[in-house]
């Protein structure tokens, strides 16, 4: 069955698979001491300003940004010049922030290149085309998300921090991720996502919870830290892990009480590939 979120098709060329695996391992485990310490640190201030100026309630004001996109384009040109040696000097959290910011900024840029557009699925091969340039290489957004971030860092909170331009993807944070604050920022992204009734809503009268389709698509990501050998009756192992993740991050007392009771069924909201564009509220 094809993926709702446009994962890349399996590549039959073994050398390509090996290339990506070796590349990720090198980025994760190369000791910084093998390179001269230049004090390099990636500057995300331009992306931070773009987010503060053009993101409202997690949605992007694409029309305004398209008219003033120089700062975004300059930021991505800056990251294009980053080398493997530069990245290897960074701490794990700084590397992770680098990839998150690069991914999110690249998705916004791809949408801007096609704007005006109402539906992300109208953008041909948006996630499979290698349009992201850095480290003297080219990557597709899906490769950044799935191979480098999800596979490389194994942090389930990433599911709630990475945007796809779709209405059913997480709300875009109004600040750039940074190494020094990364753990707090990822916790906040997780809390905002799980407690947003747009994505995850309980219906006590029907003994049902509606979850984001992201939790169905990427449910296996949550097993590492929240899996259990014996999930509750009626729940798959990924579903039980997702519920554990929600309980760990939710600050909504009714939702926590409902989930702890355990007497409910899980359903999923339908996918929504509409553009995550900010709309002024109707007066």
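The values are calculated or read from the model by the stated rules, or taken from the named source; none is laboratory data. Nothing here was measured: the structure is a model prediction, and the numbers come from that model. So basically every Cβ, Gly included, is an ideal-geometry build from the backbone, and we count neighbours across all protein chains shown.
Given the criteria without any contact (Cβ under 8 Å) to a residue 40 or more places away in the chain and either under 21 Å from residue 48 (Cβ atoms) or over 14 Å from the mean Cα position of the chain (by Cα) (or both), does residue 116 qualify? In short, no. Evaluating residue 144 against the criteria (1) farther than 21 Å from residue 46 by Cβ; (2) outside any loop (DSSP other than H, G, I, E, B); (3) touching a strand residue (DSSP E or B) at 6+ places or on another chain (Cβ under 8 Å) leaves one unmet condition, (1). Counting only helices (runs of 4 or more DSSP H) that fall entirely inside the range 1-86 and contain at least 2 residues that are more than 30 Å from residue 117 (Cβ to Cβ) and at pLDDT below 95, the qualifying elements are 14-29. The condition of being assigned to a loop (DSSP other than H, G, I, E, B), in contact with a helix residue (DSSP H, G or I) (Cβ under 7 Å, 6 or more places away or on another chain) and closer than 17 Å to residue 47 by Cβ holds for only one of 128, 171, that being 171. When residue 137 is tested against (1) buried (at least 18 other Cβ atoms within 10 Å of the Cβ); (2) over 28 Å from residue 272 (Cβ atoms), just one condition goes unmet, and that condition is (1). Annotation: of all residues in the range 233-242 being touching a residue at least 24 places away in the same chain (Cβ under 8 Å) and in a loop (DSSP other than H, G, I, E, B), the one that is surrounded by the most Cβ atoms within 10 Å (Cβ to Cβ) is 235.
For residue 251, the test of being more than 22 Å from residue 164 (Cα to Cα), touching a residue at least 60 places away in the same chain (Cβ under 8 Å), surrounded by fewer than 16 Cβ atoms within 10 Å (Cβ to Cβ) and touching a helix residue (DSSP H, G or I) at 6+ places or on another chain (Cβ under 9 Å) is passed. Checked against the criterion of being part of a helix (DSSP H, G or I), at pLDDT 95 or above and closer than 20 Å to residue 269 by Cα, the candidates 111, 107, 192, 163 yield just one match: 192.
Which residue, of 258, 245, is assigned to a helix (DSSP H, G or I), buried (at least 17 other Cβ atoms within 10 Å of the Cβ) and touching a residue at least 60 places away in the same chain (Cβ under 8 Å)? Testing whether each residue is assigned to a helix (DSSP H, G or I), buried (at least 17 other Cβ atoms within 10 Å of the Cβ) and touching a residue at least 60 places away in the same chain (Cβ under 8 Å) leaves just 245.
Scanning the range 215-229 for residues that are closer than 18 Å to residue 273 by Cβ and in contact with a helix residue (DSSP H, G or I) (Cβ under 6 Å, 6 or more places away or on another chain) gives 215, 218. Inspect all residues belonging to the range 224-232 and state whether any of them is under 26 Å from the mean Cα position of the chain (by Cα) and part of a loop (DSSP other than H, G, I, E, B). Yes, the range 224-232 contains a residue that is under 26 Å from the mean Cα position of the chain (by Cα) and part of a loop (DSSP other than H, G, I, E, B).
Any residue at all in the range 148-157 that is assigned to a strand (DSSP E or B) and either over 12 Å from the mean Cα position of the chain (by Cα) or touching a residue at least 24 places away in the same chain (Cβ under 8 Å) (or both)?
Initial filter on the range 148-157 (assigned to a strand (DSSP E or B)): none.
Taking every residue of the range 148-157 in turn, none turns out to be assigned to a strand (DSSP E or B) and either over 12 Å from the mean Cα position of the chain (by Cα) or touching a residue at least 24 places away in the same chain (Cβ under 8 Å) (or both).
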